[in-house]
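Data first, discussion second: the structure below is written as C-alpha cells.
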Amino acid sequence: MKIEKKQNYYTIAVYAIVSVILIALAIVCMVKFNVIWGGIVSIISTIFNIFKPLFIGVIIGFLIDPVVDLYDNKLSINYKNDKKRIIATTLAIFTIISILGLFILMIVVNMQDVISETNINGLTSTINAYLEYFQTMVATMTSRIETGVLSNITTQILTNVYNNIDLFIAKISTGFINSLTTIGENLIDIIFGIILALYLVKDKPKLLKIWNNILKIITNDKVYKELTTIGRDINSVFTGYIRGQILDTVIMAVITSIGLTIIGLDFAVIIGVLTGIFNLIPYFGPVVGILLAGIIGAIGDVPAKGLYAMLMVLFLQQIDTWIIIPRILGNNVKLHPIAVLLAILIGGELFGLIGMLAGVPIMALLRVIIIRYVGNIFSEEYSVE
C-alpha cells in the first residue's frame, strides 16, 4: 500500500521534531549549565589570552588617537599623508608622556612635602611611611576626641571611622602593590600592545580604507550604507563620551589639585588626581572628592581645613557640571539622570568597575539606535501615528 505524503501532516511532523529537539537542548543546557558556561568562559579566556596584546593595543590606540588626530589636523606640513601621520603620532606620544610624567612628579613632590622622612627611592619604604603618617594622624585625632566633651557613643563612632580609614589606606596600598605585580607579569603583552597601538594610530586611514573595502566585498550597497551609518553613530557617541570624560578627568585633576594646594591641604595633588579619576564615573567624582578632602582636612593639624576643602571641591564640581562637561561632551550624550544612575548600577553589578565606566556610553548608544529605527520616543513631541 502506498503511503501518500500530505503536506499539512508533513509540516506538523517537522515542527514537532524540531520542537522536541529544542526542548531537549534547553533541558540539557539547564541541567549542565555550569559545565556549558564553564566551557564558554574557558574558550573566551583562551581567545583573550591569545589576542591579549591586540586588545591592549586597541584600547591604548583608542585613547591616544584623539591626540594624534589633533596634531594631524593642525600640522601644516607638505609631506605625504603617511609621513604627516608619523610626525603627529610622535608628537602625541611625547605630549602624553610629558603629561603623565608631570603628574607623577607632582605626586612625588607632594608626598615629600607632607612626609618629609619618606624615601621616595624605595616603593616599600614610601608606602610604609605613608601608612605610619595616617596611623599617627588617626591616633592624634582619636586622643583629641577622647579628651573632649563628646559622648561615649559619638567618640566610639568617630574612632571606628578613623580606624576604618586607616584600614582602607592599607588595603589600597596592598592593591597598588598587587597591581604592580600584575603589570610586571604581563609586561611583555603590554609592550607588544603599545607597539601595536602605535601602528594602529599611525596607519589608521589605511586600516579604515581596508575595512571599508572588506565591507563592500561581503555586503551589498544597502547593508554597507547601514553598517557605515551605525559605525559613525557608535564613533560619535561611544568614543565621544569616553574621550570627553578622559579630558574632563585631566582638567578636574589639575584644578582640584591647585584649589586644594591653595588651601594648604595635605596630599592635595593626590586627592586631586583621585577626584579626577573617579570623575570618569558620573556622580562618583564629587562624592569621592568631597569625602577625601573633608577627612584629610579634619584629621590634620587644622580641622577647619576639612570644611574649606569640601567647599572648594564642591565649588569646582559645580564648575565642572555646568561649564566644563557641556562644552566637552556637547550633544554626544543626552541621558536623563535616572538613566545614568541605572546604567552605572546595572553595569557595576554585571561587570564591576569596567561596567560602571562603560554603562553610560552603552546606554547612550542604545538611545541613538532606538531614535534611528523607532523614532525619538524620548521627546515630548513624539506621537505614534
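In this structure, does Ile323 turn out to be among the aliphatic types (A, V, I, L, M), part of a helix (DSSP H, G or I) and closer than 19 Å to Val250 by Cα? Against the criterion (among the aliphatic types (A, V, I, L, M), part of a helix (DSSP H, G or I) and closer than 19 Å to Val250 by Cα), Ile323 qualifies. Here Leu102, Leu70, Leu123 are screened, and the one residue that is within 30 Å of the chain's Cα centre (by Cα) and either of a type in the set (Gly, Ala, Ser) or at pLDDT below 65 (or both) is Leu123. Can you find a residue that is closer than 26 Å to Leu102 by Cα and touching a Leu at 6+ places or on another chain (Cβ under 9 Å) anywhere in the range 326-347? So far as the range 326-347 goes, yes, one or more of its residues are closer than 26 Å to Leu102 by Cα and touching a Leu at 6+ places or on another chain (Cβ under 9 Å). Would you call Leu260 of a type outside the set (Phe, Trp, Tyr), modelled with pLDDT of 80 or more, touching a helix residue (DSSP H, G or I) at 6+ places or on another chain (Cβ under 7 Å) and in a helix (DSSP H, G or I)? Yes: the conditions hold for Leu260.
Taking the criterion of being of a type in the set (Val, Ile, Thr) and over 14 Å from Gln317 (Cβ atoms), would at least one residue in the range 282-290 satisfy it? Checking the range 282-290: not a single residue is of a type in the set (Val, Ile, Thr) and over 14 Å from Gln317 (Cβ atoms). Glu381 falls short on exactly one of the conditions (1) among the charged types (D, E, K, R); (2) at pLDDT 75 or above; (3) over 18 Å from Leu227 (Cα atoms), and that condition is (2).
The condition of being surrounded by fewer than 20 Cβ atoms within 10 Å (Cβ to Cβ) and among the charged types (D, E, K, R) holds for Lys204. Residues considered: Phe33, Phe48. Of these, the only one that is under 24 Å from the mean Cα position of the chain (by Cα) and aromatic (Phe, Trp, Tyr) is Phe48. In the range 223-236, the residues that are within 14 Å of Leu366 (Cβ to Cβ) reach residues that are basic (Lys, Arg) and modelled with pLDDT under 85 with C-beta atoms within less than 9 angstrom, at least six apart or across chains, in these pairs: Ile230/Arg372; Asp233/Arg372.
The values are calculated or read from the model by the stated rules, or taken from the named source; none is laboratory data. Because the structure is predicted, anything quoted here is derived from the model rather than measured. Heads up, the Cβs are rebuilt from the backbone with ideal geometry, glycines too, and the neighbour counts pull from every protein chain shown.
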